[in-house]
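Novice: One structure is given below, represented as structure tokens, and several questions about it will come after.
The values are calculated or read from the model by the stated rules, or taken from the named source; none is laboratory data. Model, not experiment: these values are computed from the prediction. Methodologically, a virtual Cβ is constructed for each residue, glycine included, from the backbone with ideal geometry; neighbour enumeration extends over all protein chains shown. The accessibility values were calculated without ligands, DNA or RNA, using every heavy atom of the protein model including side chains. Shrake-Rupley method; radii C 1.70, N 1.55, O 1.52, S 1.80 Å.
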Amino acid sequence: GIIGGGMEDRYLMSIFPAVFIVAANGFIKIYDLIKRYNKYIGIAIVLIILILGGILQLRYADSIIKAKQSSYYQVKLAGLWLKQVSDKNDVVISQSNPQIAYYSERDVYGYGDMPEEQFQKLIEEIKTRYMMVSIFEQHPEWVFSYPERNKDKWVPVQAYFFDQEQKQAILVIYEHVGEIY
């Protein structure tokens, strides 16, 4: 997990067999110590430790799930909005590819890390109608200023904000105006 350039929990999966072996070894030693006195008490203590550990893990997982329940909520809303206002054959450019594709049921392409010139060729080729920019995914730096520099082609049609005063946009959807390439 550390060698790959960033730490992610999914990279820890490969160490689980070793962790389970070490944990099982510990349970066997606990059981062996207690079984000298009573075999059933040894089994009961091992089971109690496992059950308590399981309960703690379930509570921890529940709190994490509840804390992250509203994350990416604006991306979901954007996808559902696109589904309502767009045609089935409209193409969307978004760095949140899987989420927008799922909620909007439209073809979605990402910016990736392509340069602006390559992006311009791509949107002409695939006839992009909507473009989404958000803080939820990492975008190439030029993407944030692209709509502003191309006001004659792209207009904001939907925005979601971080604050009540609606001054800090966290997601903006732009629509291509005029003939689509």
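Novice: Scan the range 141-164 and report the pairs whose first residue is open to solvent by 90 Å² or more (accessible area, probe 1.4 Å) and whose second residue is not in a helix (DSSP H, G or I), with Cβ atoms within less than 6 Å and a gap of 6+ or a chain change.
Specialist: Note: pairs meeting the criteria are PRO156/VAL172; PRO156/TYR174; PHE162/GLN168; PHE162/ILE170.
Novice: I need every pair where a residue in the range 80-91 that is within 10 Å of ARG129 (Cα to Cα) has its Cβ under 6 Å from the Cβ of a residue that is surrounded by 14 or more Cβ atoms within 10 Å (Cβ to Cβ) and aliphatic (A, V, I, L, M), sequence separation at least 6 or different chains.
Specialist: VAL91/ILE126
Novice: From (1) more than 20 Å from the chain's Cα centre (by Cα); (2) open to solvent by 80 Å² or more (accessible area, probe 1.4 Å); (3) more than 19 Å from GLU175 (Cα to Cα), pick out the condition that doesn't hold for ASP113.
Specialist: The failed condition is (1).
Novice: Report, by residue number, each residue of the range 166-181 that is more than 25 Å from the chain's Cα centre (by Cα) and modelled with pLDDT of 85 or more.
Specialist: Those that are more than 25 Å from the chain's Cα centre (by Cα) and modelled with pLDDT of 85 or more: HIS176, VAL177.
Novice: SER70 is checked against (1) open to solvent by less than 60 Å² (accessible area, probe 1.4 Å); (2) within 32 Å of the chain's Cα centre (by Cα) and fails just one. What number does that condition carry?
Specialist: It fails just one condition, (1).
Novice: Assess whether VAL108 counts as being without any contact (Cβ under 8 Å) to a residue 24 or more places away in the chain, closer than 25 Å to SER70 by Cβ and either buried (at least 18 other Cβ atoms within 10 Å of the Cβ) or in contact with a helix residue (DSSP H, G or I) (Cβ under 9 Å, 6 or more places away or on another chain) (or both).
Specialist: yes
Novice: What single numbered condition from (1) surrounded by 11 or more Cβ atoms within 10 Å (Cβ to Cβ); (2) among the β-branched types (Val, Ile, Thr); (3) within 27 Å of the chain's Cα centre (by Cα) fails to hold for ILE49?
Specialist: Evaluating ILE49 over (1) surrounded by 11 or more Cβ atoms within 10 Å (Cβ to Cβ); (2) among the β-branched types (Val, Ile, Thr); (3) within 27 Å of the chain's Cα centre (by Cα) leaves (3) as the failure.
Novice: Let me ask something else. I'd like to know if the range 78-89 contains one or more residues that are open to solvent by less than 80 Å² (accessible area, probe 1.4 Å) and among the acidic types (Asp, Glu).
Specialist: no
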